[in-house]
Amino acid sequence: MTALLGLGVACTPQVTPSPAVTTSKPGIQIVSPDGPIAFGEEIRIIAEIRDADKPLADQEVTFDVVEGEGSYPGGFETDTTDETGVATSLGLQAKAPGTITVRIATASQSTEVDIEITDAGE
């Protein structure tokens, strides 16, 4: 919106979004974990799947280890996104502290995420 001042100079107001307003990007966004996980604790990976400005419901999501000292029983895990586009993995097992790289994929997109596993005493 442009306002005209009495001197004929145009002034465009600066709009700052409210901190309460959040925007989501298309693609695969990692909701959790948001930090390192102690060795021996449950590893929960929560991913949000989006296309443009909306969550993708009923999408099959595959989680599999591509690098590191971790594995899924059966080699991988799948989940189906809910109405908010969220899929969850609970079966990842760490074999030792370190970094485990997990590929998260749908039929149309994929990403890799590094999961840091620390010594239980750290």
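With a/c under 1.5 counting as rounded, go ahead and sort the stretch 38-77 into rounded, prolate or oblate using the C-alpha gyration tensor (a ≥ b ≥ c being the square roots of the eigenvalues; past the cut-off, prolate if a/b is larger than b/c, else oblate). Here the stretch 38-77 falls in the prolate category. Heavy-atom accessible surface of Lys95, to the nearest 10 Å², is about 130 Å², with a 1.4 Å probe and all protein chains retained.
For the set Arg44, Arg103, solvent exposure ranked by accessible area (probe 1.4 Å, protein chains only) runs largest to smallest as Arg44, Arg103.
The values are calculated or read from the model by the stated rules, or taken from the named source; none is laboratory data. Bear in mind that the values here come from a model prediction, so they are computed numbers and not experimental data. Note: accessible area is taken over every heavy atom of the protein model, side chains too, but ligands, DNA and RNA are not part of it. Shrake-Rupley method; radii C 1.70, N 1.55, O 1.52, S 1.80 Å.
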